[in-house]
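Q: Just dropping this structure here.
The values are calculated or read from the model by the stated rules, or taken from the named source; none is laboratory data. It should be emphasised that the depicted structure is a prediction, and the values quoted were computed from it without experimental measurement. Here Cβ is always computed from backbone atoms with ideal geometry, including for glycine, and neighbour counts include all displayed protein chains.
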Amino acid sequence: MDLRPDDSFGFQVRRCHRAFDRVLNAHLARDGLTSGFWYFLRALWQENGATQKRLSQLNNVTEPTTVTTLNAMTKIGLVRRERNAGDRRKLNVFLTPRAEALKPELMPTAYRINEIASAGIAPGDLEIGLRVLKQMSENLAREAARLNAAGATA
């Protein structure tokens with residue numbers, strides 16, 4: 001049995017993601033940023049003060065990846081961390097004024113990249129595509145959780 005790349009959802013999603021990432025990085029480099037920072041900025045623009053664990057969940061990355069990225073973002077003055085008043089084990093992450101000021105500059109870039117990517121695709125097809133990708137993500141998250149639970153009992 002063979003699964004050609006042209007017929008593989010995983011391959012096509014990864015190929016598309018890499019293309020988005022290359023274009024996004026080219027735009028962000030002008031401000032000394034990376035796409036890794038972008039995902040955390042975007043999450044914090046939605047949930048400023050989120051815990052590190054929550055940011056890991058929002059970005060679908062491991063907690064060590066979150067710590068590494070936040071360390072780099074702290075170093076260049078994009079975020080600050082504070083101990084959670086209710087649970088001193090937790091760290092809440094807050095945007096700095098510099099990071100807050102980036103939103104009106106960077107969001108139009110994100111919209112433009114999405115416009116470029118979706119050029120020539122009917123709006124109805126785009127809606128279907130988003131629904132399909134969201135459902136695939138949910139399906140795979142359930143399977144990952146099942147596999148993790150099975151591994152924990154093995």
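Q: Within the range 40-56, identify whether any single residue is assigned to a loop (DSSP other than H, G, I, E, B) and of a type in the set (D, E, K, R), and answer yes or no.
A: Within the range 40-56, the first condition is being assigned to a loop (DSSP other than H, G, I, E, B), and the residues that meet it are 47-50.
Now restrict to residues that are of a type in the set (D, E, K, R): 47.
For the range 40-56, residues assigned to a loop (DSSP other than H, G, I, E, B) and of a type in the set (D, E, K, R): present.
Q: If only one of Thr66, Thr62 is in contact with a Ser or Thr (Cβ under 8 Å, 6 or more places away or on another chain) and surrounded by fewer than 13 Cβ atoms within 10 Å (Cβ to Cβ), which one is it? Steps first, please.
A: Details: Thr66 fails: surrounded by fewer than 13 Cβ atoms within 10 Å (Cβ to Cβ).
Thr62 is the lone residue from the list that is in contact with a Ser or Thr (Cβ under 8 Å, 6 or more places away or on another chain) and surrounded by fewer than 13 Cβ atoms within 10 Å (Cβ to Cβ).
Q: Could I ask something else about it? All but one of (1) more than 18 Å from Cys16 (Cα to Cα); (2) surrounded by 10 or more Cβ atoms within 10 Å (Cβ to Cβ) hold for Met136; which doesn't?
A: The single condition Met136 does not satisfy is (1).
Q: Follow-up. Within the group Thr34, Thr51, which residue is surrounded by 12 or more Cβ atoms within 10 Å (Cβ to Cβ) and touching a helix residue (DSSP H, G or I) at 6+ places or on another chain (Cβ under 8 Å)?
A: Numbers: Thr51 fails: touching a helix residue (DSSP H, G or I) at 6+ places or on another chain (Cβ under 8 Å).
Going through Thr34, Thr51 in turn, just one is surrounded by 12 or more Cβ atoms within 10 Å (Cβ to Cβ) and touching a helix residue (DSSP H, G or I) at 6+ places or on another chain (Cβ under 8 Å): Thr34.
Q: Is it the case that the range 86-105 has a residue that's modelled with pLDDT under 95 and part of a helix (DSSP H, G or I)?
A: Within the range 86-105, the subset modelled with pLDDT under 95 is 86-91, 105.
If we keep only those that are part of a helix (DSSP H, G or I) too, we end up with 105.
Within the range 86-105 (the criterion being modelled with pLDDT under 95 and part of a helix (DSSP H, G or I)), the answer is yes, since at least one residue qualifies.
Q: Could you please let me know if Thr69 is touching a Gly at 6+ places or on another chain (Cβ under 6 Å), closer than 23 Å to Gly32 by Cα and either of a type outside the set (Gly, Ala, Ser) or outside any helix (DSSP H, G or I) (or both)? Walk me through it before giving the result.
A: Numbers: touching a Gly at 6+ places or on another chain (Cβ under 6 Å): yes; closer than 23 Å to Gly32 by Cα: yes; either of a type outside the set (Gly, Ala, Ser) or outside any helix (DSSP H, G or I) (or both): yes.
Taking the combined requirement at face value, the residue satisfies it.
Q: Looking at the structure I just gave you, is Arg18 under 25 Å from Asn114 (Cα atoms), modelled with pLDDT of 95 or more and part of a helix (DSSP H, G or I)? Before the answer, list the steps.
A: On the way: under 25 Å from Asn114 (Cα atoms): yes; modelled with pLDDT of 95 or more: yes; part of a helix (DSSP H, G or I): yes.
So Arg18 passes the test.
Q: Among the residues of the range 112-130, what is the count of those that are part of a helix (DSSP H, G or I) and under 28 Å from Ala26 (Cα atoms)? Break it down stepwise before answering.
A: Quick first cut of the range 112-130, residues part of a helix (DSSP H, G or I) only: 112-117, 123-130.
Right, trim to under 28 Å from Ala26 (Cα atoms) and you get 112-117, 123, 125-127, 129-130.
Residues that pass the stated criteria total 12.
Q: Are there any pairs with C-beta distances below 7 angstrom linking a residue in the range 73-85 that is closer than 11 Å to Phe37 by Cβ and at pLDDT 95 or above to a residue that is surrounded by fewer than 17 Cβ atoms within 10 Å (Cβ to Cβ) and of a type in the set (Val, Ile, Thr), with the two at least 6 apart or on different chains, and if so which?
A: Leu78/Thr96; Val79/Thr96
Q: Here is a follow-up. Which number in (1) in contact with a Ser or Thr (Cβ under 6 Å, 6 or more places away or on another chain); (2) loosely packed, with under 11 Cβ neighbours inside 10 Å; (3) not aliphatic (A, V, I, L, M) marks the one condition that Lys90 misses?
A: (2)
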